[in-house]
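A quick write-up on the structure given underneath.
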Amino acid sequence: MKNLKLLTLITLTIIAPGLNAADTLKPFITDGCTMFVDGTISSPGLWRSCCVEHDLRYWYGGSESEMDATDNHIRDCVERVAGASWAKVVYTGIRAGHYSPIKNKYQWSWGWNQKREKTPLTAEESTYVIGEIRALQNTEDVNVEDFIKRNFPNQTAL
């Protein structure tokens, strides 16, 4: 783990000078399931980890198809821990939120210091994002390395 942190620091030192402030991410924050409960009355945090991972994915964004896959992933995650009914409620709320005139700050790609379109990350941006994810202290119960493997399958181990 120590070597991984050192490698991440070295990678960021090499890449960061090529990025300007608009091309960097704000600190990651999460409130769990934004504008919704994190679980049931008997299990209050039952699907919170699904929402935290969803927030993390929305933080750095990407293409529209990646956003759709992210929304499908939270549905599947909630279904695994709480069943199909809760998964449908969570998924429907998220998808309806895309069309709502009332927006919260956690929109797709919200973490960038400059507004982004729904476009894939460049290789340089992906490397930067991976380093930022590894440096996070507040990912709660999200397994960072599994998250990176799932969301950056074409990246070599950095």
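Below is a table of values for the structure above.
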read-out: Summed residue charge, Cβ within 12 Å of H98's Cβ, Lys/Arg positive, Asp/Glu negative; value: 0
read-out: Efficiency of FRET between D31 and Q107 - r from beta-carbon atoms, R0 25 angstrom, step 0.05; value: 0.95
read-out: Length added when fully stretched, S65-K149, from 0.36 nm per residue minus Cα-Cα; value: 28.5 nm
read-out: nm² value of the averaged projected area, convex hull over the Cα atoms of the stretch 2-151; value: 9.3
read-out: C-alpha center-to-center spacing [the stretch 52-82, the stretch 106-131] in angstrom; value: 15
read-out: P(r) of the stretch 41-81 over all Cα-Cα pairs, binned every 5 Å from zero, in whole percent; value: 6, 24, 30, 20, 11, 6, 2, 0
read-out: Fraction of alpha-carbon pairs over 17 Å apart in the stretch 67-107 - percent; value: 30
read-out: In the stretch 2-151, lysine pairs with alpha-carbon atoms under 27 angstrom apart (chain gap of 8 or more, or interchain); value: 20
read-out: Rounded if a/c under 1.5, otherwise prolate or oblate - the stretch 71-146, Cα gyration tensor axes; value: oblate
read-out: Point-to-point label distance, S42-T92, nm (Cα→Cβ direction, 7 Å offset); value: 2.2
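Only the coordinates and a few stated rules stand behind these numbers; no lab work does. Every value quoted in this text rests on a predicted model; they were computed, and no experiment measured them. Neighbour counts run over all protein chains shown; Cβ positions are idealised from the backbone, glycine included.
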